[in-house]
Structures are given as structure tokens and as C-alpha cells.
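Undergrad: Below are the C-alpha cells for one structure; questions will follow.
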8 protein chains.
Amino acid sequence: MKLEVYLSGEIHTDWRDKIIQACQESDLDISFTSAVTHHETSDGAGDHLGAEEKQFWRDHKSAKVNAMKTKTLIERCDIAVIRFGDKYKQWNAAFDAGYCAALNKPYITLHSEDIIHPLKEVDASAQAWASSVEQVIATLKYISTK
Amino acid sequence: MKLEVYLSGEIHTDWRDKIIQACQESDLDISFTSAVTHHETSDGAGDHLGAEEKQFWRDHKSAKVNAMKTKTLIERCDIAVIRFGDKYKQWNAAFDAGYCAALNKPYITLHSEDIIHPLKEVDASAQAWASSVEQVIATLKYISTK
Amino acid sequence: MKLEVYLSGEIHTDWRDKIIQACQESDLDISFTSAVTHHETSDGAGDHLGAEEKQFWRDHKSAKVNAMKTKTLIERCDIAVIRFGDKYKQWNAAFDAGYCAALNKPYITLHSEDIIHPLKEVDASAQAWASSVEQVIATLKYISTK
Amino acid sequence: MKLEVYLSGEIHTDWRDKIIQACQESDLDISFTSAVTHHETSDGAGDHLGAEEKQFWRDHKSAKVNAMKTKTLIERCDIAVIRFGDKYKQWNAAFDAGYCAALNKPYITLHSEDIIHPLKEVDASAQAWASSVEQVIATLKYISTK
Amino acid sequence: MKLEVYLSGEIHTDWRDKIIQACQESDLDISFTSAVTHHETSDGAGDHLGAEEKQFWRDHKSAKVNAMKTKTLIERCDIAVIRFGDKYKQWNAAFDAGYCAALNKPYITLHSEDIIHPLKEVDASAQAWASSVEQVIATLKYISTK
Amino acid sequence: MKLEVYLSGEIHTDWRDKIIQACQESDLDISFTSAVTHHETSDGAGDHLGAEEKQFWRDHKSAKVNAMKTKTLIERCDIAVIRFGDKYKQWNAAFDAGYCAALNKPYITLHSEDIIHPLKEVDASAQAWASSVEQVIATLKYISTK
Amino acid sequence: MKLEVYLSGEIHTDWRDKIIQACQESDLDISFTSAVTHHETSDGAGDHLGAEEKQFWRDHKSAKVNAMKTKTLIERCDIAVIRFGDKYKQWNAAFDAGYCAALNKPYITLHSEDIIHPLKEVDASAQAWASSVEQVIATLKYISTK
Amino acid sequence: MKLEVYLSGEIHTDWRDKIIQACQESDLDISFTSAVTHHETSDGAGDHLGAEEKQFWRDHKSAKVNAMKTKTLIERCDIAVIRFGDKYKQWNAAFDAGYCAALNKPYITLHSEDIIHPLKEVDASAQAWASSVEQVIATLKYISTK
């Protein structure tokens, strides 16, 4: 089964690479997509549209340029994997989860056990909670090949 | 103009009361709705469905019971106000924002200036960012009466 | 919170009456709806449209007349309660559950523990599983009043 | 006419194989999809996400993993064939039918004459009722080639 | 059960009046709506927008003004009754049926037995075929009161 | 511009062939689709599902089998061409037009001047009215190549 | 027939008042809604959210606050009347027309004959073009009372 | 990331060519679409459907033929670029923006600084405002390749 999988959330660890590599090694028919994961590039996505003195507007312009990409990819995908790490606020990851939920689009959350409680609303609409990258890979493999 | 406004997010301060009271004092035709804001009640929303040994499943059941309420209220509302305070993860607030965005439902964010950057994706899909309760009240008053 | 609740499934026990009565006694702002629950009336819903020799077409006409009622009520409701008893096939109850799931409409299943396994797909899309009428009542009371 | 056909329901007989083989022999431009049909594999679809003591949660996790596959396939398909055999509860098949009906997606039911009555609601929303695999094949052949 | 019922089709007989009167006499909670049924008024619905020399444009303007009414009423209604008489082309009635079908909105056809064949596609998407006004009344009474 | 064009209506003249041939000769990137246009084949589309004594049910089964094809093709197409000839009732053509209108899908009507009046509602929702096959071809050529 | 009518466009003449007054005098069951029509108020709709040095951001904030009102009103309305005067760019009026068209929501344009050509795309999706306020009133009266 | 980009608005300058050429030179995986940009051809798009004496109907027919193309392309595209130049009314460009907004489809506006104020409603729903072709190119390059 051919799948398009959107990888949302944490950008400071290599969880995306691990999933992509493992799925490629297993020859799964999955194409992975993602927001821009280079932090500075993403923060400056709107800089070419003109400088802003206020932080709010600089962020606003960049976030809106990035949203053209992410919104399109989320709407295209069959399944999303949404990763919450142990740093930063990661509100954009929770935002993506809500977006998926409203579209009735299935998603898997990936986070450690110690943040179960604050993520209970996000997990409640998820199709699966994985606490390791290996579990995500096993899930995608199951869906794609069985 | 009659409005139904959903108040999402932070439950540990009295921002909801302030907005509701000010709108009532101005005789605005607005009905406000909200998730259950009593922390322990919300956490135990699913307890009557049977005890769970694992925290994940207790949270899961409660979050799903609460979602029946919040999902319905979000879909009914004309405008949402989404509050991010300075404590806790508040991923459910960001989740609600994403849900609204996917439904093309307008929302106002309410948060202080120091969290502009981590909220940039949430703000990018918002119709307004307010940094004080008074600004939210003024916005609702404008929409409802002008 | 005002709710419209659709009661689907088993028609041979008094679970509907119990829920309705308990909610009325608690003065909950809930209006309950249901398919025609009188077995013979429901089976003959299409008889006035002309007699049929084949069982298939008699059933077909009646089921389609009933569907005008149930489909409209399901689309109007905020929450559905779907009851699986210990007799009969009850495929219409599972059908209603699937209908709700596709519309992203929340539903509660009500069934005993011994049929957890065959109902796993139906429960997987539900917002709650109740094994007693009292649990359904408590859930509706929570959603409606907290 | 190119078609994607989803085969839902009974997993203990070879009805899927017969349909697929006959359509291939006739060179029809149809791609068939299906849930995981190996019983034990399907029941354990969520086992890699962690062991559960309670049967409900084990089933729940597996059903949700499977739903990521089935939901996606149902939404992709042009036509579904939904098979009710003479064993088991088969509520998932009726659930799929309801899901199709809500999406206004055409489906064919496949079942013997003795269960016409309990399936009347499911048949009422179907585009065709077939009592033999040969009738399904003839229907698909007609749609695909005429 | 409160219903809004749209009455579409034939305007040269009193079938609408009979249905409305019978339902009122039975105190059914049904509000009936309809296109403009006075032939000349309907044909001249756009005349106040300026005279046209060509018949096509006069018809076009009138039909579009009427469509603002009918489209709104069809989208509001719970059930439509679509009447085909023995005169005229009545393509607007078939058009309304197609409109309902695409919206997944239930409708009842009302026509005599001699036009079963040319109406087979329209009947195939209907929830019921009635050959007499009395059958329509009985159907609405069933849906509204049982 | 690549287009999928659905050809609906009259099956007793060669208007489809003329359009298809002219578009092929001009090398337009258009794929044409259609219902089954062989009258007897279409009328017997459901015969393999079992004989029926009543004309209504034979027609019903065939029309529903055909609808699996036509509904899918209409929903896939970019533009529909809907032809009304001078014979027969052609309610299925008007039904298709209504179906397109509700889906906000553009269609072109093709009919002679003498039936402008009875088709005014159908034309009012059309994007163009053509009175000759040549006009349809010119329209498709314009859309596809300019 | 009860209607909600949204009045969009030109704010420098009294066309709104004339329509509302005439409909009230005829006791039509129509409620009219509108964006904020006081120019300075509308331009400063976002000023309470904080001052901006750049004109773009001041306009942006005000336009987004106003959009919460207009978007909600357009989605609620049954019919829109969109007025193009002889001054200013009036791109917001054309924007509202496109918004209505995508929602399949009927609208009437109101403009003089000399701007037929630049408004041809807007008129092409309209249900009626009126060149005088009286024509709009006559149209609403027809829809509401016939 | 593969994109389909619709270019809407001004047809009297070479902004489209510049964007297309720059994206091709950068080997971006973008396919560009557009309305017919040859003024006279576009104005006469409906002429083959028969001559009209009144300007309104000539424009009407042409605009509707063009709409079959533009509506389809807008619904297909991932992102739209909407250009407002310094000449003409350009209401069709604003109409396209409103159409995109209602479909929740992202668009970029392209216009000079001196028309910020009249375009504030159009910009308020845009994902980005560019004042030069180079900024549009940089934005598309970012979305397509990062």
C-alpha cells in the first residue's frame, strides 16, 4: 500500500532520518514529507519579503510562508507522525495534530512516557501513541505491507 | 450581531471570567462556552467508566469524554479565543487552534509578548493576537456591536 | 450545554427509557431522538407503499423509509449512543456507528464486556465505551452540566 | 474504466481471491485493496506498541492501527464490496458500510438470502446486493468495461 | 420529529395542497416549502431586471431568480417530495432530484406507474416511490410521528 | 490543459462520437467518459443479480448498477456536457445536471432552440448552452488549448 | 420565506438604507447584515491591538478583525447583495463575491451599466444583476413572499 | 516538493513569464496554470456560441466559458499568485482571491506599495504579500525546494 507520511514536530534530533532510512531499507512504498527542519532557515522563511523591526511581524511572515508548505503537505498526506521531544514549547506540533483531527486524518504521536498527561488531548485523537522510533517504523511497515 | 465564542486554554487564572463579565456589562449578545475548567474534574472525566491502572488509559478515557464536549463547542462557535499562559505545556490550546484553522473558523490568540516566537505558527493562522484581556474584550465588542 | 443525543441499536430492552428518565430527573438540557423502536412498525414502515411478494423488497422499502428518519436524526445530533445487546445481529447499530465515524460525529458505545472483541473496530472510533446504562447517564450528565 | 475496489468483511473464506482472480483473467483495470485478512496478524496489529493486560486495550490499539489502513483505503476507493458470511458478528463489515454511506460512496453487499432481514438497513444504502461471488464479478466487469 | 419538506415538480394539479392539508389535519410538525407555483409569475420572475428580446435570456434571468429561492429551500429541507405529472417535460423536477442526490439529501418521488421506466435513474437515488398522494402523506406521517 | 469530460444524455444519435473524434483530430488532451450508451445493455445492467417480475425492481436494480458508474464518472470529471435530444423524457440527463450543480461542477448543455423554455432551470446553472455539436467542440478546444 | 441577506460593497452612498427600509415597509421577513460601514471605524478596527508604524500592518490588523465579522456573516447568509459604486477600487466587494461563489452561495450584483465589462467575471457567477436599488428590492420581495 | 501554481490577475505585463522562466531555470518542480491571458481572445471566448447584441450577454457568455477553465485550475492548484497592477479594475483578480480564501487555499498577492490600503481585505487572507516578482520567485523556490 502506497503511503504519503507527513513528519511533524521536533527538529533537533534525527528521528526523521531514522524513520525514513528504516522504511527505505525495508523497501516500503512510502514517501515522506516535512516542514523545513533547518531552524534558522525556517525562522527566516519570510525575510526575502522585506525586513521587519518587530519580532512579531518577522515571525508572522515566516510562519505564513512555511504554512503554505505544511498545510499543503498535511492535506496531501495519508498519515502524519507527530513528535514531541523534551525541549521547547512545540506548539506547532500540537497545532498540526489539531489540524489533522479536524480533517479526520489519522496521526501517530511519538513521545516519551513522562509527557503523557499534558498530551492527553492530543493522544486522544491519535490513532496510535509510540514511545520509540522503532514503534513508528513497525506501525508504518504494518500498514504499508500487510 | 449574535455570537457564540469558545474560550480555550489556560484554566488557572480568571481570564474567562473577566471577558464574560465585561461583555455582560456591555450587554453584548454573546454566549460563551468552554471546556471543563476545574482541573481535577477534567482529569477524572472518564473515571466513572471504570478504573485504569495505567496513567495513559485513565488520561485517554478522560480526554475522550472531554473531547465530546470541546469538539462540539468548537464546531458550534463563531469565534474562538485561545489563551496561552506562562505555565504548563498547554498543548491542548494549540491543538484547538489547529482544529479551528482546519475548519476555517476564526480565532484570537491571547498571550504575552515573550512567547511570540514559539507561538508563531499558531498566530499565523489567527485573526488577531491580543496581549491583554482588555484587547480581547474590545475586539469582541467591536465585532458584536459595530 | 444543550445537546441532541441519538439513541441507536437494541430495541428489546428498556435502556432508552432509563437514560431518558434519568436525564430528565436531573433536568439536563438534552433532547433524545431515536429510530422507530417498535419492531413490527419498523418492519412494515414501507407497507403503505404497496405490497411486495419478495422479502427482500419489502425489507428494502421499509428500511429506506426508516432511513429518512434515522439519517436525518444522526446528522442533527451532537452525540450518539449506540447499544449492542446480546441478541440478534444488530448490523444496523454498527452501520450507524460507521456513519457517525465518517461524519466525525462523536458516539458512545454501550455493551457488555463479553463482546469487546467483535466490537473492537466500532469501539476504536468511539469516544467512550460504557458497560452500563448508569455510565452513559454519568457521561451525558458530565458533558451537559460541567 | 479504471477502478479501485475495496473488499470488506469476512476473512475466513476465499471470496476475495475468487473476485481478484476472475477480474485479472478478464484483464479488468481494477486494483483491489483490503484490510489485513490474516486473523492473528490483525488482532495483534498494535502489539508492538506495548503489551496490555486488559483485553479491551489490546483490541483498542490493534483496531486503531488497522483503522489507519482501512479508513485510508475506503476513502480512496471508487466502490466497496462488503461481504457478510454465516459466522461471527461481522460488525466491522457493517461499520464499513455505514462509513461508505456517509461518504456517499457506492458499495455492493455480498451475502446469502437467509440474512436479508437483519441486513436490511445495510442493503438499503447499497447500490447492489449480490448473493454469489459470480454476481459481484459480473457487476464489476459491467462497470469497468461497458 | 420536526421536519422541513420541500415540494418539487408539477404545478398544474393540487397535489401540494392535499399533502399540506392532510398533514395539518394530523397536526404533524412539518413546514412545507416550494418554488413559486404560479406559472406566469415564475416565468416572469426576472422581468423587473429589464426586458429581453431573446427568449433565452428572459428565461435565463427568471430561472436564476427562482433558483435563489429553490436552491436555498432544498438545502434547508430535511426531505424533498418530487412530483412528476403526465404533462410537460418537468426537467426541473429531475434537476432537483439530482441536486438532492448529490447533497445526500433524502427524497420521495411521486409519479404514476406508467413512467417507471424513464424515471428509473431518478427513482434509483430516491428513498421511496409513491404512486399516490395518500402514500406520501402516510410516509411523512410515519417519519414525523412514530 | 488536461481535461476529463463526462458526456451525459441522449444515446440515440452520434453526438458523442462527433465530439470525441473532433477533439482527437485536434490532439486535445481530453479523456471522455460516459454512461453505458447501448440501450438494451443499460436496461439489463442488473439482470445478472436475479430476475424480477415487477418492472420497477428490474429497472431499480439496473439503474443502481449504472449509477455506480455514472456517479463515479461525474465526480471525477472536470466538465460535463449534457445533451437533450428531441425524443424521450431524458430525465436522467436533467438529473445529472442537478447533480453537477450541487457539486459546483461546470457543465455545458447541448440542445436545440425549441426546448429553451422547459430547460430554463437546467440552463440557468450551466456554464454554457450550445445548440450544435460544433459549438461544444469549439468550447472544449478553447478551454483545453488557449 | 425567512431570509438573511448580506449587503456587501460600497459604503459611501445610502443604498443599504434604501433596501432595508423598503423591505421593512413591505413587512418582509428578512434580516440584513453588513460589514462595519463607517469608514474610519473600519480602518481602525485593529488599533486597540497596538499601534503600528507601517501602514501595511495597521491595515492588516484591522482587515483581519473585520474579516471575523464579514466571514461569519457571509457564511450565515442565504443571499448576498454586492454593490459596486463609481468610486474607489472596491476589491473587497469582488473578494466577497468570489467567497460566495466558492461556497455556492447565491448573490446579486448591483452596479451601473458602464462597468459591465470589468465586472463580467463577477456577474458570471451571480444569480442576478441589478442596475438599481429598486430592482434589488423587487428581487428580494419576490424571493421572500411569492 | 511538486507544486501546481495558478497565476491570476494582470494580463498586460510579463510578470507571468518572469516567474515561469525563473522557476524553470532553477529546475523547480512546479507546473504553472493561468486563465487565457490574450485580452481579445478572452473577451470573445463565448462568441462561437452565437452573437449577442447586448454587451452584457456577450460578456456573460465569455466570462462563463472562461470560468470553466479558471475555476477548474484554481481548485486543482496548491498555491495561487494573484497580481494587481496599476491599471484597470481587476475585479476578477480579487474575485479569485475570495474564491481561494473560501476554499482555504493559500495565495500570495503581488502588488506595489501604493495600493496596500484598498487591498487590505485581500491581503488579510493571503499567506504572503510580495511587491516584486523576485519575491514571488524566492517564495516559490523556498516552498518547493527547502
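Undergrad: Using only protein heavy atoms and a 1.4 angstrom probe, determine the accessible area buried between H and G, summed over both sides, in Å² to the nearest 100.
TA: 3200
Undergrad: Could you tell me how many cubic angstrom of Cα convex hull volume chain D has per residue?
TA: 114
Undergrad: Here is a further query. For every helix of n ≥ 4 consecutive DSSP H residues, a contribution of -39,500 (n - 2.57) applies; sum these over chain H, divide by its total residues, and give [θ] at 222 nm rounded to the nearest 500 deg cm²/dmol.
TA: Calculated from helices alone, the mean residue ellipticity at 222 nm is -14000 deg cm²/dmol.
Undergrad: Once the Cα atoms of helix D:133-145 and of chain D are each reduced to a long axis, what angle between those two axes, in degrees from 0 to 90 to the nearest 10, is obtained?
TA: Between helix and principal axis, roughly 70 degrees.
Undergrad: For the protein assembly as shown, with all protein chains present and a 1.4 Å probe, just round the carbon and sulfur fraction of the accessible area to a whole percent.
TA: Of all accessible area on the protein assembly as shown, carbon and sulfur atoms account for 47 percent.
Undergrad: Let me confirm one metric for peptide G:44-53, namely the mean number of other chain beta-carbon atoms within 10 Å of its residues' beta-carbons.
TA: 5
Undergrad: Here's another thing I want to ask about it. What size of dipole, in debye to the nearest 20, comes out for the range C:1-69 about its Cα centre when the only charges are +1 on Lys and Arg C-beta atoms and -1 on Asp and Glu C-beta atoms?
TA: For the range C:1-69, the charge dipole is close to 280 debye.
Undergrad: Taking the dipole about the Cα centre of chain C, with the C-beta of Lys and Arg at +1 and of Asp and Glu at -1, give me whichever of C:I137, C:L28, C:H60 is farthest to the positive side.
TA: C:H60
Undergrad: Name the residues of the range D:126-144 whose accessible area falls by at least 30 Å² when all protein chains are present instead of the chain alone, probe 1.4 Å?
TA: D:Q127, D:W129, D:Q135, D:T139, D:Y142, D:I143
Undergrad: Considering lysine pairs in the range H:24-133 that are 8 or more places apart or on different chains, how many have Cα atoms under 19 Å apart?
TA: Summing the qualifying lysine pairs gives 9.
Undergrad: If you average the alpha carbon positions of the range D:96-116 and of the range H:27-79, how far apart do those two centres end up, in angstrom?
TA: First find each Cα centre; the distance between them is then 42 Å.
Undergrad: Under a 10 Å cutoff between Cα atoms, tell me which one of A:A51, A:A67, A:A130 has the largest fluctuation in the Gaussian network model of chain A.
TA: Of A:A51, A:A67, A:A130, the Gaussian network model singles out A:A51 as fluctuating most.
Undergrad: What accessible area per residue comes out for the range E:1-41, rounded to a whole number of Å², with a 1.4 Å probe?
TA: Heavy-atom SASA per residue in the range E:1-41 reads 52 Å².
Undergrad: In addition: Starting from the Cα gyration tensor of the range A:1-52, take the square roots of the eigenvalues, sort them a ≥ b ≥ c, and report rounded, prolate or oblate (rounded when a/c is under 1.5, otherwise prolate if a/b is larger than b/c, else oblate).
TA: Prolate.
Undergrad: Follow-up. If you count the DSSP beta bridges with both ends in chain H, what percent of them are antiparallel, to the nearest 5?
TA: 0
Undergrad: Sticking with this structure for a sec: How many partner chain Cβ atoms sit within 10 Å of a residue's Cβ in peptide C:27-38, on average, as a whole number?
TA: Counting other chains' Cβ atoms within 10 Å and averaging over C:27-38 gives 1.
Undergrad: Then there is this: Which value, in debye to the nearest 20, describes the size of the charge dipole of the range H:79-123 about its Cα centre when Lys and Arg Cβ atoms bear +1, Asp and Glu Cβ atoms bear -1, and nothing else is charged?
TA: Roughly 160 debye, rounded to the nearest 20.
Undergrad: Using a 1.4 Å probe, how large is the accessible area of C:D47, given in Å² and rounded to the nearest 10?
TA: Approximately 70 Å² of C:D47 is accessible to the 1.4 Å probe.
Undergrad: Assign one of three labels to the range F:62-136, namely rounded, prolate or oblate, based on the Cα gyration tensor with a ≥ b ≥ c the square roots of its eigenvalues; rounded applies when a/c is under 1.5, prolate when it is not and a/b is larger than b/c, and oblate otherwise.
TA: Note, shape of the range F:62-136 comes out prolate.
Undergrad: Go through the range B:59-143 and name the trypsin sites (Lys or Arg not before Pro) that are in a DSSP coil and have 11 or fewer other Cβ atoms within 10 Å of their Cβ.
TA: For trypsin sites (Lys or Arg not before Pro) across the range B:59-143 that sit outside H, G, I, E and B with at most 11 neighbouring Cβ atoms in 10 Å, the list reads B:K87.
Undergrad: OK, next. Ignoring everything but the protein chains, give the 1.4 Å probe accessible area of G:D86 in square angstrom, nearest 10.
TA: Answer for G:D86: close to 130 Å² accessible.
Undergrad: Compute, for B:S26, the solvent-accessible surface of its heavy atoms (probe 1.4 Å) with the complete set of protein chains present, and express it in square angstrom to the nearest 10.
TA: Approximately 50 Å² for this residue.
Undergrad: Please report the relative contact order for the range G:1-118, taking Cα pairs under 8 Å with a sequence separation of at least 6, and give it as a percent rounded to a whole number.
TA: Dividing the mean separation by the residue count of the range G:1-118 yields 31 percent.
Undergrad: What size of dipole, in debye to the nearest 20, comes out for chain F about its Cα centre when the only charges are +1 on Lys and Arg C-beta atoms and -1 on Asp and Glu C-beta atoms?
TA: 400
Undergrad: Okay, moving on. Quick check: from the Cα gyration tensor, does the range D:27-104 come out rounded (a/c under 1.5), prolate or oblate?
TA: Because a/c hits 1.5 or more and a/b exceeds b/c, the range D:27-104 counts as prolate.
Undergrad: Right, next: In degrees between 0 and 90, to the nearest 10, how far off the longest principal axis of chain G does helix G:15-25 point, with axes built from Cα atoms?
TA: 40
Undergrad: Under a 10 Å cutoff between Cα atoms, tell me which one of G:T37, G:T109, G:T70 has the largest fluctuation in the Gaussian network model of chain G.
TA: The residue with the greatest mean-square fluctuation here is G:T37.
Undergrad: With everything on Cα atoms, drop me the angle between helix D:91-102 and the longest principal axis of chain D, reported from 0 to 90° to the nearest 10.
TA: With rounding to tens, the tilt is 60 degrees.
The values are calculated or read from the model by the stated rules, or taken from the named source; none is laboratory data. Since we're looking at a predicted model, the values are computed, not measured. Here the Cβ is made from the backbone with ideal geometry for all residues, glycine too, and neighbour counts use every protein chain on show. We work out accessible area using only protein heavy atoms, side chains counted, and drop any ligands, DNA or RNA first. Shrake-Rupley method; radii C 1.70, N 1.55, O 1.52, S 1.80 Å.
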